[in-house]
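Taking it in order: structure first as structure tokens, then the write-up.
The values are calculated or read from the model by the stated rules, or taken from the named source; none is laboratory data. Since we're looking at a predicted model, the values are computed, not measured. So basically every Cβ, Gly included, is an ideal-geometry build from the backbone, and we count neighbours across all protein chains shown. Side chains are part of the model used for accessible areas, which takes the heavy atoms of the whole protein and leaves out ligands, DNA and RNA. Shrake-Rupley method; radii C 1.70, N 1.55, O 1.52, S 1.80 Å.
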Amino acid sequence: MITRTFEFFSPHEITPDMTEFLSSLREHACVGVVGGSDLPKICQQLAGGDEKAVHSMCEYVFAENGLVAFKGGELIHKADLVGKLGDEFLQRFINFTLGYLSKVQLPLKRGNFIEFRNGELELNPVMNWLNYINQAGCYSMINISPIGRSCSQAERDAFVVYDTEHGVRSALVAALNSEFRDANLSVCIGKVEDGREKDAGSGQISVDVFPRGWDKTYSLQFVEKEGFEAIHFFGDKTSPGGNDHAIYEDPRTVGHSVTDPSDARRQVEELLKLR
């Protein structure tokens, strides 16, 4: 029986039997979950919104890639974009970005060009608003949309076609990287698979900006000095461009690429010799 390994999971919506399995794992290893989403979303995925149940299953819970970190149900760390970058820099960043976007000519523009976000938010605008109320002032990324997030679905679809042809967002990324090359920022566009963008969280019409290193590897600082024999990570978006790739490839972890929760269970059972 391996008792000093750390099992890291990327969250998914799971079945009750998988929930029971995760709970039973604590008899064999220390268990943690790390996700880019905020805590309510992770709890919804793992336990139907029951935060207490999630902390019971997992000794460590890392929301927003570990910017909000829990151990044994207790909050041990909370980082914030404003605290990290400062209002002076953020105002300079916002002024430059708005100035740049004002010179970009598109077939149309709407409103809400810059949005501060906490984690990978749901596409449901009502849930987004509730999350902002619950975590007001605690942000982990900036989302920038050249067309404006107030656009309709039809306008969004038209922008996707236009952006594919004209590289609007790619040009924005290049401009931000050039202007703020010494600010140590990651500027990301979602990865395209099967004609749809996914993984990086920026969706079809926008770009995400956050401090470099604020990916899932951020969470490793809280477990790497705990004396574990090994830190195992299980995730499905482990290919280059996926939001599990950095922690999967990190030398501090033993990475396991999985296809779904049932595959993760099979690999864990084999690793811990439970089958």
Along the stretch 230-247, Karplus-curve 3J(HN,Hα) (6.51, -1.76, 1.60; θ = phi - 60°) to the nearest Hz, with x for Gly and Pro, reads 7, 10, 9, 10, 10, x, 9, 9, 9, 6, x, x, x, 6, 9, 4, 4, 6
How far is helix 153-166 tilted off the main Cα axis of the chain, in degrees rounded to 10, range 0 to 90? 80 degrees
Residue-normalised accessible area of the chain, expressed per residue, 1.4 Å probe, Å²: 49 Å²
Through the Karplus equation 6.51 cos²θ - 1.76 cosθ + 1.60, θ set to phi - 60°, convert the phi angles of the stretch 169-180 into ³J(HN,Hα) values in whole Hz; use x for Gly and Pro. 6, 4, 5, 5, 4, 4, 5, 5, 5, 6, 5, 10
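Length gain on complete extension for the stretch residue 262 to residue 110, per 0.36 nm per residue less the alpha carbon to alpha carbon distance?
Working: separation 152, 0.36 × 152 = 54.72 nm, distance 4.29 nm.
Contour length minus the Cα-Cα distance gives 50.4 nm.
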Taking the 0 to 90 degree range and rounding to the nearest ten, how far is the long axis of helix 87-102 tilted relative to the main principal axis of the chain, both from C-alpha atoms? 50 degrees
Take the Cα coordinates of the stretch 232-272, assign each an equal point scatterer, and use the Debye formula without solvent to give log10 I(q)/I(0) at q = 0.19, 0.22, 0.24 Å⁻¹. -0.50, -0.64, -0.74
Angle between the chain longest axis and helix 125-134 axis [Cα atoms, degrees, rounded to 10]: 70 degrees
How large is Rg/Rh for the chain, to two decimals, with Cα atoms and a Kirkwood Rh? 0.99
Contour minus Cα-Cα distance for residue 17 and residue 275 (0.36 nm per residue): 91.3 nm
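What FRET efficiency do you get for residue 175 and residue 249 if R0 is 25 Å and r is their Cβ-Cβ distance, rounded to the nearest 0.05? List each step's numbers first, then the result.
Working: r = 29 Å, r/R0 = 1.15.
Given R0 = 25 Å and the Cβ-Cβ separation, E is 0.30.
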Quick query: amide H of residue 31 versus all other amide H atoms, modeled in the peptide plane; which residues come in under 5 Å with a sequence gap of 5 or more or a different chain? 7, 59, 60
Show that you can apply the helix-only estimate: for the chain, add -39,500 (n - 2.57) for every DSSP H stretch of four or more residues, divide by all residues, and state [θ] at 222 nm to the nearest 500. -10500 deg cm²/dmol
